[in-house]
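The values are calculated or read from the model by the stated rules, or taken from the named source; none is laboratory data. All of these numbers come straight from a predicted model, not from anything done at the bench. Using ideal geometry, Cβ is built from the backbone for each residue, glycine included, and neighbour counts are taken over all protein chains shown.
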Amino acid sequence: MRHIRFRVSRANAIMTGTVEGNPPDRVRTDVSNLEFALANVTLLSPTVPSAFRVFDSFEGHVKTGWQQRGLEVPSQWAESPTFYYSNPNSLYPHGADVPYPAYTKSLDFGLEIGCVIAVAGRDISIENAYGHIMGYTILNNWTARDVERNELAIGLGPAKAKDFATSIGPWIVTPDELADKSIGEGSTLRYDLTMVARINGKVLSSGNLKDIHFTFAEMIARASQGCELRRGDLISSGIVDGGCLLDLGIDDSLGRWLQIDDVVELEVERLGTLRNKIVTVS
């Protein structure tokens, strides 16, 4: 199933439902069983998390970041998954315009996959972690790279480099929809899903979720140690290998950082396409 939150018009109350059709073309509400054309609804963030954790689970992306600072990846990275908290109050849905933050000149995208918690829990074991997942969605982890560089030099961050916007959507896809794309089982389960990033229609990046170093089971177990995860909470994989301009080297890809009026499309096999346009701050 593909779960969404949406409005039929700006004046209407927020509804929840599922998307139907292949390709997706209609929406059915959870309450009253009403049906609408997908083209006639406004998609909202598919979850409203009380907490949003971003892990760094792709080794290629991690290596690139450390190498660009002239350093080696710390040995501690491979010992257990690590995360930072991002802002759950600045989520932008599919189709929404994302304002260019005034305090950066180096705006970047970040191709990630997130999982949404369905069953609350504390001290969740790796073996039971997948039973706590509602489903998966696409994330664009927008980043002010010049601000991030300063924060990392101080040793506190990323924080302001990330908290202005994260795009999410277009919907949450339940695990049963991905069963035939699974690799391994139990705590080693991962998915063979192609991930592609396009800027203004040009393909810049292609990766795969199967290359993830830490599984979502490991991330959930780590996040819930001594801490309760709540229904709706969001956990992100971190950027896929090559899934941002920083990884690609802007001179060899887009040739510049993102600019106003750029349209960023992140497509993940089975999960859909997340599209946003960068605009000036109103």
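Brief remarks on what is shown
- Selected residue [of a type outside the set (Lys, Arg), in contact with a helix residue (DSSP H, G or I) (Cβ under 9 Å, 6 or more places away or on another chain) and at positive phi] from Asp123, Asp108: Asp123
- Filter pass, Val119 being outside any helix (DSSP H, G or I), free of Cβ contacts under 8 Å to residues at least 40 places away in the same chain and in the same structural domain as Arg69 (by TED's automatic domain parsing): no
- Test for Val31: is it within 24 Å of Thr188 (Cβ to Cβ) and more than 19 Å from the chain's Cα centre (by Cα): no
- Answer from Ser224, Ser187, Ser182, Ser236 - the residue that is small (Gly, Ala, Ser), touching an Asp or Glu at 6+ places or on another chain (Cβ under 9 Å), crowded, with 19+ Cβ neighbours inside 10 Å and over 29 Å from Thr104 (Cβ atoms): Ser224
- Qualifying residues in the range 175-189 (those that are of a type in the set (D, E, K, R) and at pLDDT 95 or above) - the one nearest to His132 (Cα to Cα): Asp176
Conditions tested, residue by residue: (1) assigned to a strand (DSSP E or B); (2) under 18 Å from the mean Cα position of the chain (by Cα).
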site	(1), (2)
Val62	no, yes
Glu72	no, no
Tyr92	yes, yes
Val98	yes, yes
Tyr103	no, no
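- Across the range 105-116, the number of residues qualifying as assigned to a loop (DSSP other than H, G, I, E, B), buried (at least 21 other Cβ atoms within 10 Å of the Cβ) and over 13 Å from the mean Cα position of the chain (by Cα) comes to 0.
- Any hit, the range 165-176, residues being part of a loop (DSSP other than H, G, I, E, B), of a type in the set (Asp, Glu) and more than 14 Å from the chain's Cα centre (by Cα): no
- If you check Lys277, Lys210 for being within 19 Å of Asp56 (Cβ to Cβ) and not in a loop (DSSP other than H, G, I, E, B), only one passes: Lys210.
- Lone qualifier among Thr18, Thr29 - being more than 30 Å from Ala223 (Cα to Cα) and surrounded by 14 or more Cβ atoms within 10 Å (Cβ to Cβ): Thr29
- Qualifying positions in the range 67-116 - of a type in the set (Val, Ile, Thr) and either under 22 Å from Lys210 (Cβ atoms) or without any contact (Cβ under 8 Å) to a residue 60 or more places away in the chain (or both): Val73, Thr82, Thr104, Ile113, Val116
- Of the residues making up the range 1-56, those that are of a type in the set (Val, Ile, Thr) and touching a residue at least 24 places away in the same chain (Cβ under 8 Å) are Ile4, Val8, Ile14, Val19, Val41, Thr42, Thr47, Val48, Val54.
- Scanning the range 117-131 for residues that are crowded, with 22+ Cβ neighbours inside 10 Å and either in contact with a strand residue (DSSP E or B) (Cβ under 6 Å, 6 or more places away or on another chain) or under 20 Å from Asp211 (Cα atoms) (or both) turns up Ile117, Ala129.
- Set side by side, the residues Ile172, Ile235, Ile260, Ile239 differ, and just one is among the aliphatic types (A, V, I, L, M), in contact with a Cys (Cβ under 6 Å, 6 or more places away or on another chain) and modelled with pLDDT of 95 or more, which is Ile235.
- Among residues that are touching a helix residue (DSSP H, G or I) at 6+ places or on another chain (Cβ under 6 Å), β-branched (Val, Ile, Thr) and outside any helix (DSSP H, G or I), Ile138 is not included.
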